[in-house]
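Following: one structure in structure tokens, then a few remarks.
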Amino acid sequence: MSVVINLTKDNFKDEVLSSDKPVLIDFWAPWCAPCRAVGPIVDEIAKEVQHAKVAKVNIDEQPSLAQSFGIMSIPTLLVVKEGKITKKVVGLRRKAEILAMIS
């Protein structure tokens with residue numbers, strides 16, 4: 001069982017760029033209603049998957065990370081493999097769609 005990693009500019013390299021697993025990253029903010037809806041789904045996925053890491057970036061607390069990925073709308077979900085973005089979706093998604101991103 002995995003936990004959701006709270007990404008910061010300080011742990012980003014170790015947790016994402018140096019990861020031997022794909023990393024699902026949820027860019028969100030507490031004031032965003034769709035983000036609050038997708039958050040529990042992302043938390044569930046983190047508990048269920050072993051083959052990927054699951055992380056979140058609060059864009060209010062980590063604006064430089066959001067900016068470095070060109071995040072313009074939230075929620076935005078990215079999958080990063082071997083340091084490269086392999087998938088990106090914007091907006092509320094169902095659990096099956098998010099799981100398919102990391103399968």
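The values are calculated or read from the model by the stated rules, or taken from the named source; none is laboratory data. Here the structure is a predicted model, which is why all the values come from computation and not from measurement. Positions of Cβ are backbone-derived with ideal geometry, glycine not excepted, and every protein chain shown enters the neighbour counts.
Counting just the residues of segment 13-48 that are in a loop (DSSP other than H, G, I, E, B) and over 11 Å from the mean Cα position of the chain (by Cα), which one comes out nearest to S64 (Cα to Cα)? Steps first, please.
Taking segment 13-48 and keeping what is in a loop (DSSP other than H, G, I, E, B), we get 18-22, 29-32.
Keeping just the survivors that are over 11 Å from the mean Cα position of the chain (by Cα) gives 18-21, 29-32.
On the way: S18: 19, S19: 20, D20: 24, K21: 24, A29: 14, P30: 17, W31: 18, C32: 19 Å.
So the residue we want is A29.
Pairing each residue of segment 45-64 that is in contact (Cβ under 8 Å) with a residue 12 or more places away in the chain and farther than 18 Å from R93 by Cα with any residue that is of a type in the set (G, A, S) and in a helix (DSSP H, G or I), provided the two are 6+ apart or on different chains, yields C-beta distances under 7 Å for I59/A66. Would you check which residues across segment 49-63 are more than 18 Å from K87 (Cα to Cα), assigned to a loop (DSSP other than H, G, I, E, B) and not acidic (D, E) and list them? Of everything in segment 49-63, those that are more than 18 Å from K87 (Cα to Cα), assigned to a loop (DSSP other than H, G, I, E, B) and not acidic (D, E) turn out to be Q50, I59, Q62.
Cβ separations smaller than 8 Å between residues 6+ apart or across chains give the following pairs from segment 6-27 residues that are surrounded by 12 or more Cβ atoms within 10 Å (Cβ to Cβ) to residues that are outside any loop (DSSP other than H, G, I, E, B) and polar (S, T, N, Q): N6/N58; K9/S64; P22/T86; D26/T76; F27/T76.
Among what's in segment 82-91 and is over 12 Å from the mean Cα position of the chain (by Cα) and at pLDDT 95 or above, pick the residue that is nearest to V38 (Cα to Cα). Write out each step before concluding.
From segment 82-91, those over 12 Å from the mean Cα position of the chain (by Cα) are 82-84, 86, 91; that's our starting set.
So of that shortlist, the ones also at pLDDT 95 or above come out as 86, 91.
Working: T86: 20, G91: 9 Å.
Once the filter is applied, the top-ranked residue is G91.
Restricting the search to segment 1-12, which residues are of a type outside the set (V, I, T), assigned to a loop (DSSP other than H, G, I, E, B) and under 22 Å from T86 (Cβ atoms)?
Filtering segment 1-12 down to residues of a type outside the set (V, I, T) leaves 1-2, 6-7, 9-12.
Still in the running and assigned to a loop (DSSP other than H, G, I, E, B): 1-2, 7, 9-11.
Selection gives S2, L7, K9, N11.
Residue by residue through segment 61-85, note down the ones that are loosely packed, with under 13 Cβ neighbours inside 10 Å and under 16 Å from K21 (Cα atoms).
Taking segment 61-85 first, the residues loosely packed, with under 13 Cβ neighbours inside 10 Å are 64, 67-68, 70, 72-73, 82-85.
Correct list: E82, G83, K84, I85.
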